[in-house]
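The values are calculated or read from the model by the stated rules, or taken from the named source; none is laboratory data. The structure presented is a predicted model; accordingly, all values stated were derived computationally and were not measured. Here Cβ is always computed from backbone atoms with ideal geometry, including for glycine, and neighbour counts include all displayed protein chains.
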Amino acid sequence: MSSEVDWKFNLLAGAATVHDGRFLLLRRSSRESFLPDVWGIPAGQVQRGEDPGDACLRELLEETGLPGQEAELMSYSTFTSKRSATELNNLQLNFLVVVPANRVRLNRASHSAYKWISLDEIENGLLDEFTREIMESARLLFKERAQPQDRQHANGSRGSASGPSLRPGGNA
C-alpha cells in the first residue's frame, strides 16, 4: 500500500545578474526556511498569468533594487523542495540580466548580504554546484553576446548574434 504525498509544480524565474563582467550573488537570510545562509541568485515564483521574463525582472528589483531592462532566457534548473507537508517539483527558468549599475539595496527580509564576483571565478568557494552551473551558463552567454560587438569594432561592420539554445543549468 502506497501513501499519497501531496505535491505541486512550482515555476520560478532566476536572474543571473551581470554588471561590467561581474556576477551578483545574494546570501539568503538565516530566517529563510529553504536553504538559509546559502549564496545564490535573485529568484522567485512566477505568479499566475505572469510572463517568466517579467517575473525575473520583478524578483531582481524586489530583492536588490536593481532595475533590469531585458531578461534573456539562458538555462533551466530543476530541484525538489518541501513547503509544510507539500512536496514541490521546481522548475527554475534562468535569465541573463545585464544591469547598468551595481548599487544593490537588499531586501533584508530575504537576504543578508551580497557580493559581485568576476564571471571567471567559477571555482569561487561561495558557489554551490547549483549556482556554479547557472553562473557558467551566464558567463558563456555574456561572452557570446560580447563577441559580435568586438568584431564590429575590429572591422567596422555590424555583426549579428543568434540567441543561444536553451541549456540545462543547475540540475540538482
Kindly evaluate R158 against the criterion of being modelled with pLDDT under 95 and under 29 Å from S29 (Cβ atoms). no
Starting from residues that are farther than 14 Å from T17 by Cα and part of a helix (DSSP H, G or I), keep the ones in segment 118-132 and report whichever is farthest from the chain's Cα centre (by Cα). E129
Search result, residues across segment 102-117 that are within 15 Å of R22 (Cβ to Cβ), in contact with a strand residue (DSSP E or B) (Cβ under 7 Å, 6 or more places away or on another chain) and outside any strand (DSSP E or B): N102, V104
Quick count over segment 15-51, residues being without any contact (Cβ under 8 Å) to a residue 24 or more places away in the chain and either in contact with an Asp or Glu (Cβ under 7 Å, 6 or more places away or on another chain) or hydrophobic (A, V, I, L, M, F, W, C) (or both), is 1
Against the condition assigned to a loop (DSSP other than H, G, I, E, B), more than 16 Å from the chain's Cα centre (by Cα), within 23 Å of D128 (Cα to Cα) and among the hydroxyl-bearing types (S, T, Y), how does S81 come out, does it pass? no
Just for segment 13-55: of the residues that are hydrophobic (A, V, I, L, M, F, W, C), in a loop (DSSP other than H, G, I, E, B) and modelled with pLDDT of 95 or more, which one is surrounded by the most Cβ atoms within 10 Å (Cβ to Cβ)? I41
Residue that is farthest from P42 (Cα to Cα), among those in segment 56-69 that are out of contact with any Lys or Arg (no Cβ under 7 Å at 6 or more places or on another chain) and assigned to a loop (DSSP other than H, G, I, E, B): Q69
